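Read the structure below first, then the notes.
Computed from the coordinates by the stated procedures, all read-outs in this text should not be read as laboratory data. Quantities reported herein were computed from a predicted structural model and do not represent experimental measurements. Because the Cβ atoms are built from the backbone with ideal geometry, glycine has one as well, and the counts that use them run over all protein chains shown.
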Amino acid sequence: MRVFFVTSNEGKLHEASLVLREFSIELVMDLNHRKIEIQSDNLEDIVNNALTNICTGGISEYFVVEDDGLFINKLNGFPGPYSSYVYKTIGLTGILKLMNGINDRSAYFKSVVGLCGPQIPIKLFIGVVRGSIAMEPRGSEGFGFDPIFIPSGYNKTFAELGPEIKNKLSHRALAFRALGNWLLGKG
């Protein structure tokens, strides 16, 4: 089975491809469609809207869109759906400055994966991993906020754990695993 992933993010494609290989599903980057991203505080709304624009009319293939965010509890869920923009503008050091002096460093990553295909309505799959924000960036694996996010039960950041361990417990892996199970009729 083949699914087209509407993304230009090679890191996301690589992580999701590794997960879907467990289900013998080939994930192909789709650069022919553009992910139209509305401004919303709700990841589900963002993904649903993007797929609605891609999946209108009769389609003969499966398409996937993913959106995710880092939600820091003491910052009222910031950066949340705006994580990509925040990463590009203030980066890891900016988030760490905002966390300066804050003892409660609890946070979570959330991923929403949406699927549409022939004769199926839009279906959403959600993955959440809880953890905390490190005091400084650590590790060189992964991308985005991986160097400052420590998943619960670990003392290393995603960037220190590496892709093999990250793909067992990350938000994106959980959401794509739920998608794989659903596509194979196990979900």
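Between helix 158-169 and the chain, what is the angle of the helix's C-alpha long axis to the longest principal axis, kept within 0 to 90° and rounded to the nearest 10?
Taking the Cα atoms of the chain, the angle to 158-169 is about 40 degrees.
How big is the Rg/Rh ratio for the chain, C-alpha atoms only, Rh by Kirkwood, two decimals?
0.98
List the aspartates and glutamates whose alpha-carbon lies under 19 Å from that of Lys12, not counting same-chain residues fewer than 8 positions away?
Hits, sequence-local ones excluded: Glu22, Glu26, Asp30, Glu37, Glu44, Glu66, Asp67, Asp68, Glu141, Asp146, Glu160, Glu164.
Using a ≥ b ≥ c from the Cα gyration tensor of region 15-68 (square roots of the eigenvalues), is it rounded, prolate or oblate, where a/c under 1.5 gives rounded and otherwise the larger of a/b and b/c decides, a/b for prolate?
Oblate, since a/c reaches 1.5 and b/c is not below a/b.
From the cross-link list Lys35/Lys166; Lys74/Lys123; Lys123/Lys168, which pairs have alpha carbons spaced over 28 Å apart?
Distance filter (> 28 Å) returns Lys74/Lys123.
If you take the C-alpha gyration tensor of region 140-187, multiply each eigenvalue by 5 and take the square root, what semi-axes do you get, largest first, in whole Å?
Semi-axes from the Cα gyration tensor: 25, 10, 8 Å.
Rounding to the nearest 10 and keeping the result within 0 to 90°, find how far the Cα-based axis of helix 171-183 lies from the longest principal axis of the chain.
Tilt relative to the chain: about 20 degrees.
Name the residue from Asn9, Gly94, Met29 whose Cα lies farthest towards the positive end of the charge dipole of region 2-183, charges +1 on Cβ of Lys and Arg and -1 on Cβ of Asp and Glu.
Gly94
I'd like the Karplus ³J(HN,Hα) series for region 37-45: coefficients 6.51, -1.76, 1.60, θ = phi - 60°, whole numbers in Hz, and an x wherever there's a Gly or Pro.
Per-residue couplings from phi come out as 10, 6, 8, 7, 7, 10, 4, 4, 5 Hz.
Put +1 on the Cβ of every Lys and Arg and -1 on every Asp and Glu Cβ in region 39-187; which of Ala178, Gly58, Pro137 then has its Cα farthest towards the positive end of the dipole?
Positive-most Cα among the choices belongs to Pro137.
For the chain, with only Lys/Arg (+1) and Asp/Glu (-1) charged at the beta-carbon, what is the dipole magnitude about the Cα centre, in debye rounded to 20?
It works out to roughly 300 debye.
Under 8 Å for C-alpha pairs, at least 6 residues apart: give me the relative contact order for the chain, rounded to a whole percent.
Computed value for the chain: 20 percent relative contact order.
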